[in-house]
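A.B. asks: My questions will all concern the structure given below.
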Amino acid sequence: MAIHRTNLSRYFKSARITHRSKQSSAKPFASSAPTSDAIHPEGLTGLLHGTCSLKCLRELHARLAVAGAIRGTSVITGLVERYLSFGKPASAALLFVETYRGRPVVYSLNLAVRGFSDHGFHRELLDLYRELCGFGSDNFTFPPVIKACTAVSCLRLGREVHCRVLRAGHGGNVGVQTGLLDMYAKSGHIDVSRRVFDCMVQRDSISWNAMVSGYSLNGCFREAVEALREMQLDAMRPNASTLVGIVGMCGGVGARDVGYSLHAFALRCGVTDDESLASAFISMYAAFDDLSSSRLVFDLQLVKDLVSFNSMISAYMQHSNWKEAFGIFRLMHCAGLGPNLVTVVSLLPSGSDFLGINHSESVHAIIIKFGLAEQVSVVSALVSMYSKLGKLDASMLLFYCSTEKNTVLWNSMISGYLVNNEWKMALDVFCRMQIEGVAADAITVTNVISVCRHAKDLHVAKSIHAFAVRNRFESNHSVMNALLAMYSDCGDISTSYTLFQKMKVRMLISWNTMISGFAEIGDSEASLILFCQMRHEEVQFDLVTLIGVISSLSVSKDSTVGESVHSSAIKSGCDSDVSLTNALITMYTNCGIVEAGQQLFDSCCLRNTITYNALMSGYRKNNVSEKILPLFYQMLKNDEKPNLVTLLNLLPPCQSQLQGKSIHSYAVRNFTRLETPFFTSAMGMYSRFNNMEYCRKLFSLVGERNLIVSNAFLSACVQCRHADMAVDFFKHMLLLNVKPDAVTMLALISACSQLENADFAACITAVMLQKGFVSKVLVLNALIDMHSRCGSISFARELFDSSVEKDSVTWGSMINAYSMHGNGEAAIDLFSMMIDSGVVPDDITFVSILSACSHSGLVEQGRRLFKSLQADHGITPRMEHYACMVDLLGRTGHMDEAYDIVRSMPFRPSDNLLESLLGACRFHGNSSKIGEAVGKLLIGSEHGNSRSYVMLSNIYASAGRWSDCEQLRSDMEAKGFRKNVGVSSIGMT
């Protein structure tokens, strides 16, 4: 009951006064105070426990001090206890020390120490013990002191206490030893903890529980399980607290069998009703991706507390089951349990991922209702939620209205702008954070680095790097890894690599960032060197590492090394991952090994859209277009949803306009929004079938000011040979202030090549020079080809000579220019200069030089070049190379040699090649046998036509073989072929 001041006065007035000798000399206030003999300890203890306020306690303390009644252990302990209950450990300690004048008995010290420990004043307990420990301690003193050392992480004092325990001869006490092993375990010295445990002569269940929990706390899973087994062999029964730590570890290490066994053991022991253990099992099954079991454990709980609800919400949130998480929250609300900070912080992200703005605002209202809206952590979560929903205005309102802003809240606002691609505003918030003197942490710096990474602003990136160095964040692994990725994405891979080399501790993510960075720029050699160095330093690679290395090999098309990396993936057990399978399919198909990509696809159990797209892209790149549509139908049959990449793979290989229209209509029906790449690809498809009307309609859907689509339409005009339309459209682009790029100019050059207008070519060249496009090798090559086609071979050579940088295409373009103009000698001289300059010719260059030899009748030079094709340059001759040689030999009358080349070809000759040889046979008139053989090959072809029959019949007629000629004419009519009627182009007036 509450004791008021009037009751206190009555108590003192009713007490008998026995020391009359003191009464005459005492002051008036003291005359009414009772003596210690008049006050019973039991009554004082009851009076102390009845004090209702600190003020009342201090008045009682003062009256007792004046009366000299603060004597006896119960009174002193009572006063100490009441001061501690009012949160005044300093007053309690001062009372205790002054009362005993620094010399307390051990029993009193034990009671005081126990009081400080029970109320959680561990630091004050240690201060009191340091002052009074010299006056003795026993088995009851040490456990609370050791517990306090553990609570405040003061291992040094704990070791001193351990020494004092051993000197005092209390090292064999079970309670003291249990406290010591718990202290060492919680400070990370599990080996010392085990030594203490092994020295125990007697062990109780508390000691075993402390040892098992110590192992669990230090991540020693196997040791914890073994200690649990030894505990059972020692006839000690584990309780719920014993199992909580091990159960929590099972999920982290993926020990399913042990987790299931522990659950069965807990059921046998009857401890599953413990709230903390049930929550641990919920989290464990969630870590095993077994949410149904987590939910079953939750539903079987007879009494569900807030911790259980929070564990179930967190389990669903970890697996992105936003709907179920919100359902548990509703159950908690219906059960009359209000949310706490853990509930809110766990649940709020679901508002952005599933619930939408309406439900998120409802959760916000519940937060306000339960008085949690002022908590900084809750405000931070709300800011993040609204930012993810795209409601930056709401995030800003919450942020700026918050009276207390900590670093976490500032980080949430910066991250919110980052999520919404508001790079400048994110940097502005960071600057304001510095102006207001809020210290940035590693998360702040990492977020700002991500802003620079996405904005690709290298200047600001270097400033942030300098900020990180000034504030000593270079030792933070997250910051350093973010810097590596930032410089890599900003195109400064050299700086990224320099930072990487300076890092004292290179984590796996650091290696992966560098390997992926070099892979993105196509430097497969650097990626492989880093991978080998990583293995040499015994850093274990993971899935991300392998995907980065394989991606780099996809660019370099090095299948030999790719197979080695593939074997490493198989040995490591990563080959079953679908992402790695997708990367391998891309790598093998880019290297031209389509069969390997097909085998990987067939063996893949879990295929996704990317898997189908990877194989489709491989088919398209390797000209296996006939397999793309069947694979698309299989994709639809297996309920895999196509995406934009799928459509881009389907449009180029269309064999007919009907197929293209079908794919176009499928895209319109199934995609709510079609992106620019689809429109450009569709234009390319329709232009192949000369359907400019559809190209114009597609262009009108996007808009005239889109440069990419404008370039696609310009290319479509060129493809359909509407050069005049292309020129007019280019003028229209300039009127609309659409700034052309290199792709625009290349299409315009192609249009000019079709017009073959030297004046217009000169105008285009002037525009190129004015815009600065001539510095690009690709544009220069096109200009050389354009001027040569327009007849300005001398100006083409001037452009060639003025070029500082020349690639194989530049040389090939000039050689082809001389070939078109019939100047074979100049072409051969230029080819020799190309070899001398160290430029390696490719197969296209050889087509140009062999064609030049053919047009100029340079037989010997042609023979020599054809032999060097494979012998000196390692190029396997293609159909075009054979066709040039056959044409050269046919033109110059070397019919036998030409026919020998046809027979020695490793593949069937094309119809154009055979028709060229057949025409040469007729022209020279002395090769009827060869002509007959070639003619029979032509008419036997599945693509045979009337022209082949006519040419062979003319050869028979020239040789006087009229019967064969008539027979051939009859066969021609039988097969439905008819000779095309000749039409004169001379007009009649």
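The values are calculated or read from the model by the stated rules, or taken from the named source; none is laboratory data. Being a predicted model, the structure only gives us computed values, none of them experimental. Please note: Cβ atoms are built from the backbone with ideal geometry, for glycine as well, and neighbour counts cover all protein chains shown.
A.B. asks: Considering 833, 814, which residue is buried (at least 24 other Cβ atoms within 10 Å of the Cβ) and at pLDDT 90 or above?
C.D. replies: 814
A.B. asks: Tell me which of these residue 875 doesn't satisfy, since it passes every other one: (1) surrounded by fewer than 24 Cβ atoms within 10 Å (Cβ to Cβ); (2) part of a helix (DSSP H, G or I).
C.D. replies: Failing condition for residue 875: (2).
A.B. asks: Quick check on the stretch 252-286: of everything there that is small (Gly, Ala, Ser) and buried (at least 19 other Cβ atoms within 10 Å of the Cβ), which residue is farthest from residue 306 (Cα to Cα)?
C.D. replies: 255
A.B. asks: Which one of the conditions (1) part of a helix (DSSP H, G or I); (2) at pLDDT below 90 does residue 694 fail to meet, given that it meets all the rest?
C.D. replies: With respect to (1) part of a helix (DSSP H, G or I); (2) at pLDDT below 90, residue 694 is out only on (2).
A.B. asks: So is residue 760 more than 17 Å from residue 711 (Cα to Cα) and hydrophobic (A, V, I, L, M, F, W, C) or not?
C.D. replies: yes
A.B. asks: I would also like to ask the following. Which of (1) in contact with a Gly (Cβ under 8 Å, 6 or more places away or on another chain); (2) farther than 26 Å from residue 710 by Cβ; (3) buried (at least 21 other Cβ atoms within 10 Å of the Cβ) does residue 622 not meet, given it meets every other one?
C.D. replies: Exception for residue 622: condition (3).
A.B. asks: Are any residues in the stretch 593-620 more than 27 Å from the chain's Cα centre (by Cα) and either aromatic (Phe, Trp, Tyr) or within 25 Å of residue 660 (Cβ to Cβ) (or both), and if so, which ones?
C.D. replies: Scanning the stretch 593-620 gives 594, 619, 620.
A.B. asks: Report, by residue number, each residue of the stretch 419-467 that is not in a helix (DSSP H, G or I) and not small (Gly, Ala, Ser).
C.D. replies: Passing the criteria: 420, 421, 422, 436, 438, 441, 456, 457.
A.B. asks: Restricting attention to the stretch 843-872, which residues are surrounded by fewer than 16 Cβ atoms within 10 Å (Cβ to Cβ) and assigned to a loop (DSSP other than H, G, I, E, B)?
C.D. replies: The answer is 857, 872.
A.B. asks: Residue by residue through the stretch 471-510, note down the ones that are farther than 15 Å from residue 446 by Cα, free of Cβ contacts under 8 Å to residues at least 12 places away in the same chain and surrounded by fewer than 16 Cβ atoms within 10 Å (Cβ to Cβ).
C.D. replies: Of everything in the stretch 471-510, those that are farther than 15 Å from residue 446 by Cα, free of Cβ contacts under 8 Å to residues at least 12 places away in the same chain and surrounded by fewer than 16 Cβ atoms within 10 Å (Cβ to Cβ) turn out to be 494, 498, 501, 502, 504.
A.B. asks: Exactly one condition in (1) surrounded by 16 or more Cβ atoms within 10 Å (Cβ to Cβ); (2) closer than 16 Å to residue 277 by Cα is false for residue 237; which is it?
C.D. replies: (1)
A.B. asks: Can you tell me which residue among 378, 408, 429 is of a type outside the set (Lys, Arg), more than 24 Å from residue 468 (Cβ to Cβ), in contact with a helix residue (DSSP H, G or I) (Cβ under 7 Å, 6 or more places away or on another chain) and touching a residue at least 12 places away in the same chain (Cβ under 8 Å)?
C.D. replies: 378
A.B. asks: I'm checking my understanding of the structure. Among residues of the stretch 830-842 that are out of contact with any helix residue (DSSP H, G or I) (no Cβ under 9 Å at 6 or more places or on another chain) and assigned to a helix (DSSP H, G or I), which one is nearest to residue 872 (Cα to Cα)?
C.D. replies: Among residues in the stretch 830-842 that are out of contact with any helix residue (DSSP H, G or I) (no Cβ under 9 Å at 6 or more places or on another chain) and assigned to a helix (DSSP H, G or I), the one nearest to residue 872 (Cα to Cα) is 835.
A.B. asks: Being closer than 28 Å to residue 577 by Cα, surrounded by fewer than 22 Cβ atoms within 10 Å (Cβ to Cβ) and under 21 Å from the mean Cα position of the chain (by Cα): is that true of residue 553 here?
C.D. replies: No; evaluated as a whole, the condition is false for this residue.
A.B. asks: What helices (runs of 4 or more DSSP H) completely inside the stretch 286-363 contain at least 3 residues that are at pLDDT 85 or above?
C.D. replies: 291-300, 306-318, 322-334
A.B. asks: Take the residues in the stretch 469-521 that are of a type in the set (Phe, Trp, Tyr) and in a helix (DSSP H, G or I); name whichever of them is nearest to residue 553 (Cα to Cα).
C.D. replies: My answer is 518.
A.B. asks: Now a separate question. Which condition number does residue 287 fail, the rest of (1) more than 25 Å from the chain's Cα centre (by Cα); (2) closer than 30 Å to residue 229 by Cα; (3) small (Gly, Ala, Ser) being met?
C.D. replies: Condition not satisfied by residue 287: (1).
A.B. asks: Go through the stretch 532-550 and count every residue that is assigned to a helix (DSSP H, G or I) and surrounded by fewer than 21 Cβ atoms within 10 Å (Cβ to Cβ).
C.D. replies: Counting residues in the stretch 532-550 that are assigned to a helix (DSSP H, G or I) and surrounded by fewer than 21 Cβ atoms within 10 Å (Cβ to Cβ) gives 6.
A.B. asks: So which residues in the stretch 272-285 are β-branched (Val, Ile, Thr) and not in a helix (DSSP H, G or I), if there are any at all?
C.D. replies: 272
A.B. asks: If a residue must be under 16 Å from residue 852 (Cα atoms) and either basic (Lys, Arg) or touching a residue at least 60 places away in the same chain (Cβ under 8 Å) (or both), how many such residues does the stretch 798-828 contain?
C.D. replies: Residues in the stretch 798-828 being under 16 Å from residue 852 (Cα atoms) and either basic (Lys, Arg) or touching a residue at least 60 places away in the same chain (Cβ under 8 Å) (or both): 0 in total.
A.B. asks: For a quick check of your reading of the model, give me the residue pairs whose first member lies in the stretch 658-680 and is at positive phi, whose second is surrounded by 18 or more Cβ atoms within 10 Å (Cβ to Cβ) and part of a helix (DSSP H, G or I), with beta-carbon atoms closer than 9 Å and at least 6 apart or on different chains.
C.D. replies: none
A.B. asks: Hey, another quick one. Among the candidates 779, 743, which residue alone is surrounded by fewer than 20 Cβ atoms within 10 Å (Cβ to Cβ), within 43 Å of the chain's Cα centre (by Cα), in contact (Cβ under 8 Å) with a residue 24 or more places away in the chain and more than 22 Å from residue 690 (Cβ to Cβ)?
C.D. replies: None of the others qualify; the one that does is 779.
A.B. asks: Filtering the stretch 719-748 down to residues that are among the charged types (D, E, K, R) and part of a helix (DSSP H, G or I), which residue is farthest from residue 705 (Cα to Cα)?
C.D. replies: 724
A.B. asks: Among the listed residues 666, 588, identify the single one that is within 29 Å of the chain's Cα centre (by Cα) and not hydrophobic (A, V, I, L, M, F, W, C).
C.D. replies: Sole residue among the options that is within 29 Å of the chain's Cα centre (by Cα) and not hydrophobic (A, V, I, L, M, F, W, C): 588.
A.B. asks: If you take the residues of the stretch 819-874 that are farther than 25 Å from residue 890 by Cα and β-branched (Val, Ile, Thr), which of them is farthest from the chain's Cα centre (by Cα)?
C.D. replies: Restricting to residues being farther than 25 Å from residue 890 by Cα and β-branched (Val, Ile, Thr), the top hit is 835.
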